[in-house]
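Taking it in order: structure first as structure tokens, then the write-up.
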Ligand code: NVA
């Protein structure tokens, strides 16, 4: 009876199988592998605040997770250059990374990754379903906080984004989260607008 289905789940396979059998559009509202709707909102937010995203330098700091993979795909789709700072044991999927070619650069040092960025994004250290790994991850990610020191090496006009909910004092300092360069509330609002536009695009 539905004209469109939006699914949030863990295993990406499930959504692929569902979409394969479906006669109506199926939207990924987050899986373990990707979070594409968030990237529509993030790109919209950058365009609203700064204009052209093509050619911009974007930095993602943190877990090589669903958000990171969608940043990689967005770099390909929207033509920005992505610098990744991910801890050794938390690198993105190598095939997703390889498919992006030289659009994406990996850095061991998060400060190096942040240099010159027009837009810095991060995500929680332990995603949904990884709550038991919280302590271990806190240790692995301790040098990967987006804070004032990191923002200082980015472009002076750099925007800060986060898919929320954020943990102040972990992946982002309270100062950066609440700074004038943070656009996290516009970004959250834009989920609504970007997903309405996605529905319109798919249904018309
Ligand atoms: N990586 C996070 C994104 C939340 C919007 C998670 O999967 O929980």
| message | Output the 0 to 90 degree angle, nearest 10, between the alpha-carbon long axis of helix 36-50 and the longest principal axis computed from the alpha carbons of the chain. | response | 50 degrees
| remark: Computed over the chain: longest principal axis from alpha-carbon atoms vs helix 184-203 long axis, angle to nearest 10 degrees, is 30 degrees
| Among 159, 84, 192, which one moves the most in a GNM of the chain with springs linking Cα atoms closer than 10 Å? | 192
| said: Per q in 0.21, 0.23, 0.24 Å⁻¹, report the Debye log10 I(q)/I(0) for segment 111-204, using one uniform scatterer on each alpha carbon and no solvent. | reply: -1.02, -1.12, -1.17
| Cα radius of gyration and Dmax for the chain (Å) | 16.6, 53
| Taking neighbour Cβ counts within 10 Å as the exposure measure, how do 83, 103, 138 sort from fewest upward? | 138, 103, 83
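Give me 12, 35 sorted ascending by neighbouring Cβ count inside 10 Å, so fewest comes first.
Working: 12 16, 35 23.
So the residues, fewest neighbours to most, are 12, 35.
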| query | Can you give the Rg and Dmax of segment 1-104 based on its C-alpha atoms, in angstrom? | reply | 14.8, 46
| task | Can you tell me the 0 to 90 degree angle between the C-alpha axis of helix 12-21 and the longest principal axis of the chain, rounded to 10? | result | 20 degrees
| Between segment 126-174 and segment 2-64, the alpha-carbon center distance in angstrom | 20 Å
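Please rank 149, 131, fewest neighbouring Cβ atoms within 10 Å first, as an exposure proxy.
Numbers: 149 12, 131 9.
Going from sparsest to densest Cβ surroundings: 131, 149.
No value in this document is a laboratory result; all are computed from the given coordinates. Bear in mind that the values here come from a model prediction, so they are computed numbers and not experimental data. All Cβ positions, even for glycine, are placed from backbone atoms using ideal geometry, and neighbour counts span all protein chains on display.
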